[in-house]
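First the structure, in the form of structure tokens, and then the observations on it.
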């Protein structure tokens, strides 16, 4: 039996390898897809399947890299493009985790840490709750489609080896990191407000009834009121993250144009 159908032209093999480098870098950096509990073989296999799906849309025209050294440079640039795109989405989940750390500290649960299956690091239970909520909203709002769409559109904006670190790109990255801290504060505000009023009430109680041990009373009170605020603000969190995920598509397009 002839095995000619297994032979791939050198230009097509190079294109598949470069597409795979960009896609795999995104899946190893972007949230949800970078889950440490997912086997590396699964992520590589999924990236390879997506690369083959994208190949017909990218493989237009005659193109081939003759120099092995130039091919290595192209591969490095494609990996950097994928990491930058994945980082743009990861900023949102970084803000959610930061908000969880702030809320957990204010509730007095900062020392209650467990292993986070997403990052394989120790984090508070409140941080994990916010993280799981963000993942649920990520899929319910079809934000994963936005990530895949951004991967496909990135090849139209940035050809192979076309990455350039311009001032505009650095400005876009700095703006995204600044929005991360602002988003974290927006998520944590409901619980921070409740904690503030609880502290004010306990301070007044300590002044009016000095014999009462405010510390023993305040610890369970802050946890209970904080958990109530977290539950009541879940709807607000969904509305906020929906807007952020939709706006993130425009921010990714800004990154692509800057690159």
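Residue 252 satisfies every condition listed in (1) under 30 Å from residue 108 (Cβ atoms); (2) buried (at least 18 other Cβ atoms within 10 Å of the Cβ) except (1). Within segment 45-67, count every residue that is surrounded by 14 or more Cβ atoms within 10 Å (Cβ to Cβ) and either out of contact with any helix residue (DSSP H, G or I) (no Cβ under 9 Å at 6 or more places or on another chain) or modelled with pLDDT of 70 or more (or both). Adding up the residues that qualify gives 9.
Rundown of residues vs (1) surrounded by fewer than 18 Cβ atoms within 10 Å (Cβ to Cβ); (2) farther than 20 Å from residue 89 by Cα, yes/no style:
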residue	(1), (2)
161	yes, yes
165	yes, no
168	yes, no
172	no, no
177	yes, no
182	yes, no
186	yes, no
190	no, yes
193	yes, yes
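The values are calculated or read from the model by the stated rules, or taken from the named source; none is laboratory data. What you see is a predicted model, and the numbers here were worked out from it, not measured in a lab. Virtual Cβ from ideal backbone geometry, glycine too; neighbours counted across all protein chains shown.
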